[in-house]
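Down below is the structure, laid out as C-alpha cells.
Read-outs throughout are calculated quantities, based only on the coordinates presented, and are distinct from any laboratory measurement. Predicted, not measured: the structure shown is a model, and the values here were computed from it. In this analysis, Cβ positions are derived from the backbone assuming ideal geometry, glycine residues included, and neighbour counts consider all displayed protein chains.
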Amino acid sequence: MEAKVLEAMRDAGKPVRPGDVAKALGVDSKDVSKAIKSLKENGQVISPKRCYYEPA
C-alpha cells in the first residue's frame, strides 16, 4: 500500500490530502492515512502544511 500511495503522490505533482490519494486509488482513506503515517516515520513523506503530504 505504501508504494501505491507514494506513486500517487508523485503523480499528483503537488501536496495532497489523504482523501485525495484514497479517491485516486479507489481505497479507504483510513488505509491511506496508515500508509502515510508509516511513510512519514520512514522519512519518505513530508508535510509542507497541515493535512497535506508530499514525497520527501
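Quick check: anything in region 36-54 surrounded by 13 or more Cβ atoms within 10 Å (Cβ to Cβ), out of contact with any His (no Cβ under 6 Å at 6 or more places or on another chain), of a type in the set (Asp, Glu) and free of Cβ contacts under 8 Å to residues at least 24 places away in the same chain? No.
Residues considered: 54, 7, 41, 2. Of these, the only one that is among the acidic types (Asp, Glu) and in contact with a Ser or Thr (Cβ under 7 Å, 6 or more places away or on another chain) is 2.
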